[in-house]
Amino acid sequence: MDRKGQQLIAYSLIGLGVLLFAGNFFNIDPGRIIWPLVLIIAGVILVTRPQLFNPSGDVRYMFAGDIVIDENWTVRDEEIRLFAGDVKIDLARVDIPPGETIIAVRFFAGSINVRLPSAAALRVIGNGFVIDSEINGDKRDNILAGLQYESPEYEAAESQIQLLVSCFACDLDIVQV
């Protein structure tokens, strides 16, 4: 956890402690105040988290909806966050730089569709409650099990794409064209 995350947790704990302490002296029911505050703080964190914890701008964030990344994209390490929706990544018509490029997709529920050129090497690491995947025609249903896939000769390839998926429920479809 980075320094800003630790500070946020520390200030939250201090505020909660002060509220509970004051409740003892002023006959206030802290439960009526704490839960709305927790919801407000959680909402603010969800909205501002990409700016607070990754100021470089390499995070695409959306609460719900579709994120489409196509031929106008510069391939680089990137993180995509959303609560629910679809992520479409088209790498078939872009230049993939030499070395390993990491694309992390984190969301609660939705689908991920990826198109890759046949020359690209791919590694997929998925963690989730349910991940239904189809990678180049190979279908897998993963329930309470991680997903691991690696193209043949991944380590020897000049350009490598590593896709990290963290979700509750996901439909993953990867096609090499």
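Throughout, read-outs are computed from the coordinates displayed, never taken from laboratory work. The structure presented is a predicted model; accordingly, all values stated were derived computationally and were not measured. Quick reminder, even Gly has a Cβ in these numbers, built from the backbone with ideal geometry, and neighbours come from all protein chains shown.
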Practice problem: State the percent of C-alpha pairs, over all pairs in region 61-117, separated by a distance greater than 16 angstrom. | Solution: 41 percent
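Between residue 79 and residue 37, what FRET efficiency comes out of the Förster formula 1/(1 + (r/R0)^6) with R0 = 25 Å and r the beta carbon distance, rounded to 0.05? All intermediate terms of the calculation are to be shown ahead of the outcome.
Working: r = 28 Å, r/R0 = 1.12.
Calculated transfer efficiency: 0.35.
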Practice problem: Mind giving me the nanometre distance, one decimal, between the label points for residue 175 and residue 24, set 7 Å out from Cα along Cα→Cβ? | Solution: 6.4 nm
Self-check item: Pairwise FRET efficiency - residue 118 versus residue 95, Cβ, R0 = 22 Å, nearest 0.05
Solution: 0.90
Self-check item: Full-extension gain in nm, residue 16 to residue 66, via 0.36 nm per residue minus C-alpha separation
Solution: 14.3 nm
Practice problem: Collect residues whose amide H, placed 1.01 Å from N in the peptide plane, falls under 5 Å from the amide H of residue 105; neighbours closer than 5 in sequence don't count. | Solution: 80, 164, 165, 166
Quiz item: Over the chain, with a single point scatterer placed on each C-alpha, what log10 of the ratio I(q)/I(0) does the Debye formula yield at q = 0.10, 0.20 1/Å?
Solution: -0.50, -1.34
